[in-house]
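Only one structure is covered here, and it is reproduced in the block below.
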Amino acid sequence: MGGNPPCASCKLLRRRCAQDCVFAPYFPSDDPHKFAIVHKVFGASNISKMLQLPLHQRVDAVSSLVYEANARARDPVYGCVGVISYLQNQVSQLQMELAVAQAETLCIQMQQEPAPIATNPIMLEAQDDKSSFFLHQNNLPQFLSFSSSNNVIFDSFKKESIFGQDMIS
Amino acid sequence: MTSTRCAACKHLRRRCPPDCIFSPYFPSDNPQRFAYVHRIYGASNIAKILQDLPVHIRGEAADSLYYEAHCRMKDPIHGCVGIITLLHQQIYNAQTQLSKIQAEIAVLSAKAQTESHYQHQVEHVPNVDENF
């Protein structure tokens, strides 16, 4: 006799923890806060519905739900969207730094190249134009390939004028 | 008599009172907006979240809840956390690239300095013929 102790969910919900409890594998009794936070944000029945996934995908689903719930508890207004906005700003900042660094590399390399007839002022001006051409043609270093999949979602939400600010870099 | 119920009250099939917590943020012309947040969070949780916030920022909260619900509908496993993971990866890649380029700049600058110092020395070596 003396079956398994109820999982954190069934403890909180004050019900018998069945053998096939959908929550038990992901909300052990030794971490009551984990279920408490997702229950507060999403509700137990919504969590149960969202766990109607193949078994091997449920762990990741629970992890992401816990993450979102914690983010919402920390920031009730923006939740995870605040985190996304912050990270996008970081990406933009790094893109600018990379562009500047690449331009600097090109400048140094060009300075080190043997200048053919560099004393002619017209030729000097042409060389300057070449370096500025590299700077202005492409603001992103060619070797970077940032995935733009997240921008598809941001674009569609921008059309709805949700945030009133440009979240896309 | 035309119905003036908000999308939430239409979805919940109830009367829309004048002080409905949902109506400013879930207009009747966008039923998907409330349908998504209702599916992920539930009406009472949305109401609780909005009620606990000052009125002037409830709109932003409703927008972010819709965004997250939308992400979860599109990706039931990761939701918007998938986007966060992607951004972290992009930041890591960019930082790695930046470190590489900065190291390259340091090498090129050092090389340029060495060459310029050597050239300076060569220009100032006295003519060998003068010594004989």
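In order along the range B:114-126, the phi-based Karplus estimate (6.51 cos²θ - 1.76 cosθ + 1.60, θ = phi - 60°) of 3J(HN,Hα) comes to 4, 5, 5, 5, 5, 4, 4, 5, 4, 5, 9, 6, x Hz; Gly and Pro are listed as x. Mean partner shielding of peptide A:21-32, defined as the number of other chain Cβ atoms within 10 Å of each residue Cβ, is 0. Computed from Cα atoms, the angle from the helix B:31-40 axis to the main principal axis of chain B rounds to 80 degrees. Here the relative contact order of chain B, from alpha carbon pairs under 8 Å that lie six or more residues apart, stands at 15 percent.
Our estimate of slack between residue A:15 and residue A:48, defined as 0.36 nm per intervening residue step minus the Cα-Cα distance, is 10.4 nm. When restricted to Cα atoms, chain B yields an Rg and a Dmax of 32.2, 117 Å, respectively.
Mean residue ellipticity at 222 nm, helices only, chain B: -21500 deg cm²/dmol; runs of at least 4 DSSP H residues each add -39,500 (n - 2.57), and the sum is divided by the number of residues.
Laboratory data are not the source of any read-out in this text; all were calculated from the coordinates shown. As the structure is a computational prediction, the values presented were derived from the model and not from experiment. Heads up, the Cβs are rebuilt from the backbone with ideal geometry, glycines too, and the neighbour counts pull from every protein chain shown.
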